[in-house]
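Here the structure comes first, spelled out in structure tokens, and everything after it is commentary.
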Amino acid sequence: MKIVWRGLTMACGVCGCRGLFRKLGMFSMVEDCPKCGLHFERMDGHSLGAVAVNTVASSALVLTVVALVFVAFGTDVSSSFLLLVAAPVGLLFPILFDPVSRTLWNAFELMMRPVQPGELKQQFQSNK
Ligand SMILES: [Zn+2]
């Protein structure tokens, strides 16, 4: 599960390299890992997986917040109060989680489709 941890901590799934996001834009990911050379957009439409990861995580968090409100205040809470509590979570979390969702999707994708010969720099070819 080291690869999932690397994804959760915004590191390269292959080598664990950090610094994959440009300094001035946390939403701007480098195209290739600076250490092992893995090209993160491994196929057309690759980034859609990150969107899916972000959507699932954000939905789960909003549902958890709603459930916690119900547990804390009962089911008699007004819908406007529920919206007041859950909407900021539903709006901010997907934005803040975007970089993690990209590296996490990359980790999932690496587990489903391991690195192929020639995808990495020479020194990383046989050493993951
Ligand atoms: Zn790497």
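The values are calculated or read from the model by the stated rules, or taken from the named source; none is laboratory data. From a predicted model like this one, the values you see are computed outputs, not experimental measurements. For neighbour counting, all protein chains shown are included, and Cβ atoms are generated from backbone atoms with ideal geometry for every residue, glycine included. Each accessible area value is taken on the protein alone, full model and side chains, heavy atoms only, with ligands, DNA and RNA left out. Shrake-Rupley method; radii C 1.70, N 1.55, O 1.52, S 1.80 Å.
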**Asked** Looking at region 11-60, which of its residues are of a type in the set (A, V, I, L, M, F, W, C), in a loop (DSSP other than H, G, I, E, B) and either more than 8 Å from the ligand (Cβ to nearest atom) or under 20 Å from Phe97 (Cβ atoms) (or both)?
**Response** Ala11, Cys12, Leu20, Leu24, Met26, Phe27, Val30, Phe40, Met43
**Request:** Restricting attention to region 72-116, report how many residues are under 30 Å from Trp5 (Cβ atoms) and over 13 Å from the mean Cα position of the chain (by Cα).
**Result:** 13
**Prompt:** What are the residues in region 7-59 that are open to solvent by 40 Å² or more (accessible area, probe 1.4 Å), out of contact with any Ser or Thr (no Cβ under 6 Å at 6 or more places or on another chain) and among the basic types (Lys, Arg), if any?
**Reply:** Arg18, Lys23, Lys35
**Message:** Name the single residue that is nearest to Phe97 (Cα to Cα) among those in region 61-75 being of a type outside the set (S, T, N, Q) and exposed (fewer than 11 other Cβ atoms within 10 Å of the Cβ).
**Reply:** Ala67
**Prompt:** Going by the conditions given, is Arg6 out of contact with any strand residue (DSSP E or B) (no Cβ under 7 Å at 6 or more places or on another chain), within 30 Å of Gln122 (Cβ to Cβ), outside any loop (DSSP other than H, G, I, E, B) and not hydrophobic (A, V, I, L, M, F, W, C)?
**Reply:** yes
**Request:** Please enumerate the residues belonging to region 87-123 that are within 13 Å of the ligand (Cβ to nearest atom), surrounded by 18 or more Cβ atoms within 10 Å (Cβ to Cβ) and not in a loop (DSSP other than H, G, I, E, B).
**Result:** Thr103, Asn106, Ala107, Leu110
